[in-house]
Amino acid sequence: MRKILGILFVFAIFSCSKKDDGFAIPPTVSVAPNAGLDVQDFMWKAMNYWYFWQEEVPDLADDRFPISETGTTDYTEFLKSELDPTAFFTDKLRFSEDRFSFFSDDYTTLTNSLAGISKSNGLEFGLISFTGSDTVFGLVRYIIAGSDAADKDISRGEIFTAVDGQPLTSSNFRDLLFGDVTSYTLSMADFVDNEFILNGKEVALTKREGLAENPIFLDKIFEINSEKIGYLVYNGFTNEYDDQLNAVFGRFKSGGVTNLVVDMRYNPGGSVNSSVLLSSMIYGTNTNDLFLKARYNNKYQAVLEKNNEDVRRFFLDKTSSGAGVTTLNLAKVYILTSQGSASATELVINGLEPYLDVIQIGDLTRGKNEFSVTLVDDRENRYIYNPERKNQIKVGNNWAIQPLIGRNENADGFSDYTAGLAPDFELKEDLMNMGVLGDQNEPLLAKAIELITGLVSGKRNLTAQFPVNEFTNSKMFTPAKDNMYVTEVPFIDMQ
């Protein structure tokens, strides 16, 4: 299970701009020699320059620690005030309204996770509790192909309530599910007469190193009532799979698809470039059409303005490998969302809105309208992680931070969706009727098919008995923000 919160990230700042701005981070205060505060020093200096809310955090102000002997002393004492890097980042540097910036004590683990590679058993699930209850239960969403879970008797819609015999609660789920233990056994349950009853089934799972999740979970074509409908379940914007995504759209195009449903209810975000590519595959490849404009903090924004440039992204006609982008040139697209749909998923919806009719079905999205970058202790590269510069990262400091550094506007200048993007047709997932992904009777897909064809399936229940009103899944979990990851839903008496 990937311990990564949903993010929108850029691998390099210059990948978004038309030219290299040719600047270096200006000198800042030094830490006292041999202070042993390399991690805190790196965090402060990287955040001081790049952080989107730098001006909102008094301790990150440019004049907080002047370049002087006194400044060095004060700066060193400030860094020493919190020796735990986790607490230092969270309590000293992060803006109070920032829900998404995070860190890792191992940049290799972090960058692998961003590429969809992790130590995982392949089970993707949500964690839910009912109002007024400390009890937590897990709801299986899907299984990653090629994982340990893929070989076990466990599937979408099943419920578990205990791990290694211990009932899940709001105080122990982190240790039981996201701790260092490699193997654990889930106790499965049924929901009967308004309570969870253990059904005797147990599933033993083992996390494996290096599991690579292909974000293209499923693609197929339906032909219903003379309509050719393409359906894609896309669970992460991972640029290593961009050419495979392009191949999917090649199959859609050759198959005569004229309607498209993109299921991103479990997609927490990822690469900006992949989001632009997906949008180009849906709408078109006119490289003069603006997809987004990025806005940074005042410090970096001033650098861009000095150079008479801004950071824009346009629709693409080629993938990073040079392959031509296959596009469906649609005037309308149907996108399935949940509260787990975040960041790059929202960027696609917002970026396409000025150009075509985006029909959103499902739940309110997460409201992640900023982007981030991986920063490491490599000042000469302005702290931006570059895999080709690993030998330039300061020896002994493996920490990385993933701070929010900017906000994206669409071609109409809109970026105000911190509260989430509201669906045109609200339809939360139903605990009692999860359905099978890719089955045309699965409730959210069935709603899209109904809107396209006018045909209503007789096998689905559009009135959710137990709507799953939560966004947590295993690949969105990070201990730094652990207060966010069990969402209560109202207890509904069905009798």
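Pro423: assigned to a loop (DSSP other than H, G, I, E, B), in the same structural domain as Ala448 (by TED's automatic domain parsing) and free of Cβ contacts under 8 Å to residues at least 60 places away in the same chain, yes or no?
Details: assigned to a loop (DSSP other than H, G, I, E, B): yes; in the same structural domain as Ala448 (by TED's automatic domain parsing): yes; free of Cβ contacts under 8 Å to residues at least 60 places away in the same chain: no.
Spelling it out, it is not the case that Pro423 is assigned to a loop (DSSP other than H, G, I, E, B), in the same structural domain as Ala448 (by TED's automatic domain parsing) and free of Cβ contacts under 8 Å to residues at least 60 places away in the same chain.
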Among (1) crowded, with 23+ Cβ neighbours inside 10 Å; (2) not assigned by TED's automatic domain parsing to the domain that holds Tyr234, the one test that Asn398 misses: (1)
Residue in segment 122-174 that is surrounded by the most Cβ atoms within 10 Å (Cβ to Cβ), counting only those that are more than 24 Å from the chain's Cα centre (by Cα) and hydroxyl-bearing (Ser, Thr, Tyr): Thr161
Counted residues, segment 248-264 - those being crowded, with 24+ Cβ neighbours inside 10 Å and assigned to a loop (DSSP other than H, G, I, E, B): 1
Number of positions in segment 193-237 that are more than 18 Å from Glu442 (Cβ to Cβ) and among the β-branched types (Val, Ile, Thr): 3
Meets criteria (part of a strand (DSSP E or B), at pLDDT 95 or above, among the aromatic types (Phe, Trp, Tyr) and within 24 Å of the chain's Cα centre (by Cα)) for Phe222: no
Identity of the residue in segment 387-417, among the charged types (D, E, K, R) and not in a strand (DSSP E or B), that ends up farthest from the chain's Cα centre (by Cα): Lys394
Breaking point among (1) without any contact (Cβ under 8 Å) to a residue 24 or more places away in the chain; (2) under 30 Å from Glu429 (Cβ atoms), for Thr135: (1)
Close pairs from segment 72-95: first in contact (Cβ under 8 Å) with a residue 24 or more places away in the chain and within 22 Å of Asn34 (Cα to Cα), partner surrounded by fewer than 13 Cβ atoms within 10 Å (Cβ to Cβ) and not aromatic (Phe, Trp, Tyr), Cβ under 7 Å, at least 6 apart: Glu82/Asp91
Some residue of segment 268-283 being assigned to a loop (DSSP other than H, G, I, E, B), modelled with pLDDT under 95, within 21 Å of the chain's Cα centre (by Cα) and within 20 Å of Thr337 (Cβ to Cβ): yes
Residue among Ser113, Ser118 that alone is in contact (Cβ under 8 Å) with a residue 12 or more places away in the chain, assigned to a strand (DSSP E or B), within 27 Å of Asp180 (Cα to Cα) and under 23 Å from the mean Cα position of the chain (by Cα): Ser118
Residue tally, condition surrounded by 18 or more Cβ atoms within 10 Å (Cβ to Cβ) and either of a type in the set (Ser, Thr, Tyr) or over 28 Å from Thr111 (Cα atoms) (or both), over segment 207-239: 6
Among (1) within 28 Å of Val233 (Cα to Cα); (2) at pLDDT 95 or above; (3) not in a helix (DSSP H, G or I), the one test that Ser129 misses: (2)
Unique residue being part of a helix (DSSP H, G or I) and more than 22 Å from Leu330 (Cα to Cα) when the list is Asp175, Asp243, Asp190: Asp175
Residues (in contact with a Leu (Cβ under 6 Å, 6 or more places away or on another chain) and either over 23 Å from Ile216 (Cα atoms) or not assigned by TED's automatic domain parsing to the domain that holds Phe425 (or both)) located in segment 266-311: Asp310
Condition check for Phe89: assigned by TED's automatic domain parsing to the domain that holds Gly396, part of a loop (DSSP other than H, G, I, E, B) and touching a strand residue (DSSP E or B) at 6+ places or on another chain (Cβ under 6 Å): no
Inter-residue pairs, beta-carbon under 9 Å, first in the same structural domain as Asp430 (by TED's automatic domain parsing) and among the basic types (Lys, Arg) and in segment 238-265, second surrounded by fewer than 21 Cβ atoms within 10 Å (Cβ to Cβ) and assigned to a strand (DSSP E or B), 6+ apart: Arg251/Asp219; Arg251/Ile221
Within segment 52-86, considering residues that are aliphatic (A, V, I, L, M) and in a loop (DSSP other than H, G, I, E, B), the one surrounded by the most Cβ atoms within 10 Å (Cβ to Cβ): Val57
Residue in segment 326-345 that is part of a helix (DSSP H, G or I) and within 26 Å of Glu442 (Cβ to Cβ) present: yes
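Scan segment 37-45 and tell me whether some residue there is surrounded by 17 or more Cβ atoms within 10 Å (Cβ to Cβ) and in a loop (DSSP other than H, G, I, E, B). Quick ask: steps written out before the conclusion?
Step one: of segment 37-45, the residues surrounded by 17 or more Cβ atoms within 10 Å (Cβ to Cβ) are 37-45.
Keeping just the survivors that are in a loop (DSSP other than H, G, I, E, B) gives 37.
Yes; the residues of segment 37-45 include at least one that is surrounded by 17 or more Cβ atoms within 10 Å (Cβ to Cβ) and in a loop (DSSP other than H, G, I, E, B).
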Residue in segment 376-392 that is buried (at least 20 other Cβ atoms within 10 Å of the Cβ), charged (D, E, K, R), within 30 Å of Phe222 (Cβ to Cβ) and modelled with pLDDT of 95 or more present: no
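Being in contact with a helix residue (DSSP H, G or I) (Cβ under 7 Å, 6 or more places away or on another chain) and either in contact (Cβ under 8 Å) with a residue 12 or more places away in the chain or closer than 20 Å to Ile405 by Cβ (or both) narrows it down to one residue among Lys332, Lys299; which is it?
On the way: Lys332 fails: in contact with a helix residue (DSSP H, G or I) (Cβ under 7 Å, 6 or more places away or on another chain).
After applying the criteria, what remains is Lys299.
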Test: residue in segment 322-332 that is under 24 Å from the mean Cα position of the chain (by Cα) and either surrounded by 23 or more Cβ atoms within 10 Å (Cβ to Cβ) or not β-branched (Val, Ile, Thr) (or both): no
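The values are calculated or read from the model by the stated rules, or taken from the named source; none is laboratory data. All values derive from a computational prediction rather than experimental measurement. Backbone-built Cβ (ideal geometry, glycine too); neighbour counts: all protein chains shown.
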